[in-house]
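Trainee: Below is one structure. I have some questions about it.
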Amino acid sequence: MNQQLAELQQQFDLERLEVNLFRGQSRDTGSPQVFGGQVLGQALMAAHSTIDDGRVVHSMHAYFLRRGDFTKPIVYSVDRSRDGGSFSARRVVAVQDGEQIFICSASFQKPEKGLEYQFAAPQVPPPEELEAMTKPPQAELDKLPEKLRRWLEIKRPFEFRPVQKYNPLAPVACEPVRQIWMRAVDKLPDNDTLHHCLLAYVSDYWLLDTSTMPHGSSFLRGNLVMASIDHAIWFHRPARVDDWLLYSLDSPSSSGARGFARGSFYSRNGTLVASTAQEGLIRLVQPQS
């Protein structure tokens, strides 16, 4: 397996400290703090680990409270809020250095059949007709501060192929609508729980960034401070993250130094497999010299 993907998969092999207590490790993603998608995925894995009768996650709602340090472990405490006839609710608190950095609630349901409906997938070119997202030319990278350069240069466990061309180093104000094909860079085990957790992980890419598009700005220009505040994901149907998924994104609003964005994940055959929403900080600052 690809090294970056193997390391990511290992992050979701949580250490069980107690019945409802788990410990997870982080990896360097080129950012000075823990990647939010990692905490989302690990918290979901911790919650999954307390479900015993085959119930499947259908929603997760989370708040990011503090930045996490990727050099230190994160402890996840799971509260078994309720186990009903069809649904189970869990609350997860992530702690580092004695402080809460993240909280979430997740709901699980026994599989059952019911009414079926979905929006049609956007009509876009297939991933084979699009170029993979690559790092900027070295001459442009050399002009960036070291922490931004590291974020762009580090190898990632997912491949992205954007439908619309967008240069975050020279952004132009445009409609906040975009579609991006994505998939893991190698095959993964047939483990539905792992795929749910990795889908939560990758759902944190591109959401908040979409809310900066109408303003012709980007955190790579050094004039924005950006951070996720909350994040929600609804799992509608089974999906594999090692098959192509289309992430269709839009941002209805930005106000009060916050941006709001929504996303829909479609499988290659047009099936809507998950929906997301996120609000985050987009605060203007003076560019770094």
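The values are calculated or read from the model by the stated rules, or taken from the named source; none is laboratory data. The model shown is predicted, which means the values in this text are computed figures rather than measured ones. No Cβ is skipped: glycine too gets one built from the backbone with ideal geometry, and neighbour counts run over all protein chains shown.
Trainee: Pull up region 150-185, narrow it to residues that are of a type in the set (A, V, I, L, M) and over 19 Å from residue 8 (Cβ atoms), then point me to the one that is surrounded by the fewest Cβ atoms within 10 Å (Cβ to Cβ).
Mentor: 172
Trainee: Then there's this: In region 25-37, which residues are within 18 Å of residue 229 (Cβ to Cβ) and touching a strand residue (DSSP E or B) at 6+ places or on another chain (Cβ under 8 Å)?
Mentor: 34, 36
Trainee: When you scan region 251-272, do you find a residue that is touching a residue at least 60 places away in the same chain (Cβ under 8 Å), surrounded by fewer than 21 Cβ atoms within 10 Å (Cβ to Cβ), among the hydrophobic types (A, V, I, L, M, F, W, C) and over 21 Å from residue 166 (Cα atoms), even just one?
Mentor: Yes: region 251-272 contains one or more residues that are touching a residue at least 60 places away in the same chain (Cβ under 8 Å), surrounded by fewer than 21 Cβ atoms within 10 Å (Cβ to Cβ), among the hydrophobic types (A, V, I, L, M, F, W, C) and over 21 Å from residue 166 (Cα atoms).
Trainee: Out of 94, 106, 121, I need the residue that is within 22 Å of the chain's Cα centre (by Cα), surrounded by 15 or more Cβ atoms within 10 Å (Cβ to Cβ), closer than 16 Å to residue 245 by Cα and aliphatic (A, V, I, L, M). Which one?
Mentor: 121
Trainee: I've got another one for you. Give the residues of region 45-59 that are touching a strand residue (DSSP E or B) at 6+ places or on another chain (Cβ under 7 Å) and without any contact (Cβ under 8 Å) to a residue 24 or more places away in the chain, sorted by residue number.
Mentor: none
Trainee: How many residues, within region 29-58, are farther than 18 Å from residue 274 by Cα and of a type in the set (D, E, K, R)?
Mentor: 2
Trainee: Out of all the residues in region 196-216, which are within 22 Å of residue 64 (Cα to Cα) and in a helix (DSSP H, G or I)?
Mentor: Listed by number, the residues that qualify are 196, 197, 198, 199, 200, 201, 202, 207, 208, 209, 210.
Trainee: Is region 129-151 home to any residue that is touching a residue at least 12 places away in the same chain (Cβ under 8 Å), of a type in the set (A, V, I, L, M, F, W, C) and assigned to a strand (DSSP E or B)?
Mentor: Within region 129-151, not a single residue is touching a residue at least 12 places away in the same chain (Cβ under 8 Å), of a type in the set (A, V, I, L, M, F, W, C) and assigned to a strand (DSSP E or B).
Trainee: Something else about it: Which of the following residues is at pLDDT 90 or above, small (Gly, Ala, Ser) and in contact with a helix residue (DSSP H, G or I) (Cβ under 9 Å, 6 or more places away or on another chain): 121, 170, 106? Steps first, answer last, please.
Mentor: Values: 121 fails: in contact with a helix residue (DSSP H, G or I) (Cβ under 9 Å, 6 or more places away or on another chain); 170 fails: at pLDDT 90 or above.
Of the residues listed, the single one that is at pLDDT 90 or above, small (Gly, Ala, Ser) and in contact with a helix residue (DSSP H, G or I) (Cβ under 9 Å, 6 or more places away or on another chain) is 106.
Trainee: Being crowded, with 17+ Cβ neighbours inside 10 Å, at pLDDT below 95 and touching a helix residue (DSSP H, G or I) at 6+ places or on another chain (Cβ under 9 Å) narrows it down to one residue among 246, 199, 220, 188; which is it?
Mentor: 220
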